[in-house]
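Student: Handing you this structure, nothing more for now.
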Amino acid sequence: MNRVTTLKRSTQENAHISCRVNGEPVQVSVAPCKTLLEMLREDLRLTGTKHGCELGECGACAVLVDGDPILSCLSLALDAEGCAIDTIEGMAQDGQLHPLQAAFADLGGAQCGYCTPAILLTAKALLDRQPNPGRDRIREALSGNLCRCTGYQQIFEAVEEAILRLRRTEQGTDLKSVPVGARHNP
């Protein structure tokens, strides 16, 4: 057997990955060259993570891996071994939208919606680490996520609204009594 045949055969063998996706344990068998994006969409049928440029330029494929936003088109599925992966499908809890999702819906933060899952997850990672960021920090955190529809104003406003909603939830304030569109100005 020559070297080319040996290499070809070894790259065709699937690897077995164990990880947590949206809080659930998952075991999947994937080709070693498969990206995390492909594993999520093709093997796990989680299509909220979007194919964009597949070059790491647009951010549409962002998911959270151990709480950090990463570009799934540039990450091998094999690197997910033992990791906790969060996709947009796991953002709502107990049938309730996450405050970021609700604010985006209420304030028009999503237009065509293609970039929205990645923007929501990236914003969630920011707010999990820094619960009260200002506009400049929000802009910086979302700078890797391209949106061709909104002009970003509604996106920034929706993240700021979500900050208020999260704060009210922590304080036990009834969200129904809070007017939509109240602004956050730290």
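The values are calculated or read from the model by the stated rules, or taken from the named source; none is laboratory data. In this text the structure is predicted, and so the values were computed from the model without any measurement. In this analysis, Cβ positions are derived from the backbone assuming ideal geometry, glycine residues included, and neighbour counts consider all displayed protein chains. With ligands, DNA and RNA removed, areas are computed over all heavy atoms of the protein, side chains included. Shrake-Rupley method; radii C 1.70, N 1.55, O 1.52, S 1.80 Å.
Student: If the viscosity is 0.890 mPa s and the temperature 25 °C, what translational diffusion coefficient in µm²/s does Stokes-Einstein give for region 99-171 when Rh comes from Kirkwood over Cα pairs?
Tutor: D, rounded to a whole number, is 206 µm²/s.
Student: By how many degrees, between 0 and 90 and to the nearest 10, does the Cα long axis of helix 153-171 differ from the longest principal axis of the chain?
Tutor: 80 degrees
Student: Can you sort 98, 16 by solvent-accessible area, 1.4 Å probe, largest first?
Tutor: My answer, sorted largest first, is 16, 98.
Student: Mind pulling the angle between the C-alpha long axis of helix 3-12 and the longest principal axis of the chain? Nearest 10 degrees, somewhere in 0 to 90.
Tutor: Tilt relative to the chain: about 40 degrees.
Student: In addition: Which whole number in µm²/s is D for the chain by Stokes-Einstein, with the Kirkwood Rh taken over Cα pairs at 10 °C and 1.306 mPa s?
Tutor: 90 µm²/s
Student: Let me ask something else about it. Based only on Cα atoms, what Rg/Rh ratio does region 12-89 have, Rh being taken as Kirkwood's radius?
Tutor: Ratio of gyration radius to Kirkwood radius: 0.92.
Student: About its Cα centre, what dipole magnitude does region 99-171 give when the only charges are +1 on Lys and Arg Cβ and -1 on Asp and Glu Cβ, stated in debye to the nearest 20?
Tutor: So the dipole magnitude of region 99-171 works out to roughly 80 debye.
Student: When you count, for each residue, the other Cβ atoms within 10 Å and take the mean per peptide, how do 56-65, 108-117, 88-97, 162-171 rank with the highest first?
Tutor: So the peptides 56-65, 108-117, 88-97, 162-171, ranked by packing, come out 56-65, 108-117, 162-171, 88-97.
Student: Of all the accessible heavy-atom surface of region 12-101, with the other protein chains kept in place and a 1.4 Å probe, what percent is carbon and sulfur?
Tutor: The nonpolar share, carbon plus sulfur, comes to 48 percent.
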